[in-house]
Amino acid sequence: MAVLDVRVAAVNVMLDMQSGGGSLTRLLPIAQQQVADADKALLQALCFGMARWSGRLSGLVDGLLKKPLKRKDTDIYILMQLGVFQLAYTRIAPHAAVDTTVAAVKHFKKPWAKGLVNAVLRNFQRRGDSLVELLDEPACYSHPPWLLSRFKKDWPDHWQDIIEHGNQQAPMTLRVNRRSVSTVDYLLQLNDCEFEANTVEGISSALTLKKPVPVQSLPNFDNGYISVQDAAAQIAAPLLGKGNGKRLLDACSAPGGKTAHALEHGEWRQVVALDHDADRLNRVKQTLQRLNFEDRCELHCTDAADTNSWWDGDAFDAILLDAPCSGTGVIRRHPDIKLLRREHDIEKLVGVQRILLNALWETLAPGGQLLYVTCSVLKDENEKQISWFLEQKDNAREIEINLPFGTSRSAGCIQILPGEHDMDGFFYALLAKT
């Protein structure tokens, strides 16, 4: 296979994503196989950066064009955004950013565009600061209008902080497997490798690195000493408890981080993990194998809501429902959410969440607990969803969650907003079956 120019590869990824080809998580590994090894990290940085600042980049390019390009020339439009991104947000030398972007036009076989791309980028170098001041609010904040409106409605006192943190690069946080090593001892191992890290208040298994590093360079990664997981996601296992010989269901388990943490944290008699996507469930299996938990967890590729297809009738003592959601709390980690998600998706997701809550509640034993989790900050998916469920079920009650953080909380619900304690945005609700 011929090696592809890294900027051409970045444009192709963005084109594929915007035409329904999938997320960066799916597309980027494929594209990285097409570029030189030395360019793999740059390709990731370009794609994530363009997704993060897509709204602002398109607004700036629009301000530099005398008339909009035709739909068939979207590749050139994205290439110009890539050039502006390099000039505005990277340390690439300006002349190199312009020259390499103009040179990439050749790949798309549109020689007429070479002069246009060059003119747009040169003009941005002269007028960039003044153009930013002319951007409308969605472009300035680089968030789609519908999402900006939702944040303002749900969080009138916090929406700007949500957006600011959503536009930042997420830190690399580790979860220490304390069956293998203490958090303090692993921190010493990191120090021996000259990797700086900090503990996270209130989450004893979490260490946040000062700078991200390749996972294989982390001491004892292959031995299962640690996993990569945001600190907010590490709240789930302690809320589920120690197990003490009980049965746990992880209803939407992929990619397996919370499943593994539950096994690290508790002594469960049986853990059953479900996911409807075979490829994603295989990731759960690989995670459990690395941590030597594959014999302690039963995996099923199935729709959790279709209980007739997988449930044996033996009620669970605890259920983790990490529900499908908008992902609006993890935009800093997955900036392509701003390009892929649509407002009408929210109503559909709320419907799916309700189906799952109702179905799984029937598999929970009296006296058992269900932990509802999303990585969303939208109230329709979170506190309003739990209020709806409690109105439907006379045998459900909230259990108080005691944690040293949370921007918003009720008796049994806690909402962490992006950036709080440098964590992702997560919602937790703990419900007991009376």
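Within region 186-216, can you find the residues that are of a type outside the set (S, T, N, Q) and within 20 Å of Pro238 (Cβ to Cβ)? Working first, answer last.
Applying the first criterion (of a type outside the set (S, T, N, Q)) to region 186-216 yields 186-188, 190, 192-197, 200-203, 206-207, 209-215.
Matches in region 186-216: Tyr186, Leu187, Val200, Glu201, Gly202, Ile203, Ala206, Leu207.
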Original post:
Checking Thr199 against (1) part of a strand (DSSP E or B); (2) within 16 Å of Ser182 (Cβ to Cβ); (3) more than 22 Å from the chain's Cα centre (by Cα), which single condition isn't satisfied?
Top reply: (3)
Original post:
Assuming Gln86 fulfils every condition listed in (1) modelled with pLDDT of 95 or more; (2) more than 22 Å from Leu42 (Cβ to Cβ) apart from one, which condition is it?
Top reply: (2)
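Any residue in region 327-335 that is in contact with a strand residue (DSSP E or B) (Cβ under 8 Å, 6 or more places away or on another chain) and not aromatic (Phe, Trp, Tyr)? First the steps, then the outcome.
Going through region 327-335, the residues in contact with a strand residue (DSSP E or B) (Cβ under 8 Å, 6 or more places away or on another chain) turn out to be 329.
Then keep just the ones that are not aromatic (Phe, Trp, Tyr); that gives 329.
Checked against the condition, which is being in contact with a strand residue (DSSP E or B) (Cβ under 8 Å, 6 or more places away or on another chain) and not aromatic (Phe, Trp, Tyr), region 327-335 yields at least one hit.
Inspect region 314-328 for any residue being acidic (Asp, Glu), without any contact (Cβ under 8 Å) to a residue 24 or more places away in the chain and in a loop (DSSP other than H, G, I, E, B) and give the result as yes or no.
Of region 314-328, the ones acidic (Asp, Glu) are 314, 317, 322.
Then drop every residue that is not without any contact (Cβ under 8 Å) to a residue 24 or more places away in the chain, which leaves none.
Scanning region 314-328, I find no residue that is acidic (Asp, Glu), without any contact (Cβ under 8 Å) to a residue 24 or more places away in the chain and in a loop (DSSP other than H, G, I, E, B), so the answer is no.
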**OP:** Could you look through region 68-97, keep only residues that are β-branched (Val, Ile, Thr) and in contact (Cβ under 8 Å) with a residue 40 or more places away in the chain, and pick out the one that is nearest to Trp112 (Cα to Cα)?
**Re:** Ile76
Original post:
Identify, please: which residue in region 172-200 is touching a residue at least 24 places away in the same chain (Cβ under 8 Å) and touching a helix residue (DSSP H, G or I) at 6+ places or on another chain (Cβ under 6 Å) and is, among those, farthest from Ile416 (Cα to Cα)?
Top reply: Arg179
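Restricting region 285-313 to residues that are in a helix (DSSP H, G or I) and touching an Asp or Glu at 6+ places or on another chain (Cβ under 8 Å), which is surrounded by the fewest Cβ atoms within 10 Å (Cβ to Cβ)? Lay out the reasoning, then the answer.
Residues of region 285-313 that are in a helix (DSSP H, G or I), as a first pass: 285-290, 294-296, 307-309.
Those still in the list that are touching an Asp or Glu at 6+ places or on another chain (Cβ under 8 Å) too: 285, 288, 290, 307, 309.
Numbers: Lys285: 15, Leu288: 23, Arg290: 16, Thr307: 15, Ser309: 11.
Within region 285-313, the match that is surrounded by the fewest Cβ atoms within 10 Å (Cβ to Cβ) is Ser309.
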Subject >> Number of the condition not met by Val35 [criteria: (1) at pLDDT 95 or above; (2) more than 31 Å from the chain's Cα centre (by Cα)] >> reply: (2)
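So in region 202-228, with the set limited to residues that are closer than 21 Å to Thr374 by Cα, buried (at least 19 other Cβ atoms within 10 Å of the Cβ) and of a type outside the set (Ser, Thr, Tyr), which one is nearest to the chain's Cα centre (by Cα)?
Narrowing region 202-228 to residues closer than 21 Å to Thr374 by Cα: 202-203, 205-206, 227-228.
If we keep only those that are buried (at least 19 other Cβ atoms within 10 Å of the Cβ) as well, we get 203, 205-206, 227.
So of that shortlist, the ones also of a type outside the set (Ser, Thr, Tyr) come out as 203, 206.
On the way: Ile203: 20, Ala206: 18 Å.
By that ranking, first place goes to Ala206.
The values are calculated or read from the model by the stated rules, or taken from the named source; none is laboratory data. On a predicted model such as this, the values are computed, not experimentally measured, just so you know. Neighbour counts are summed over all protein chains in view; Cβ atoms, including those assigned to glycine, are modelled from backbone coordinates with ideal geometry.
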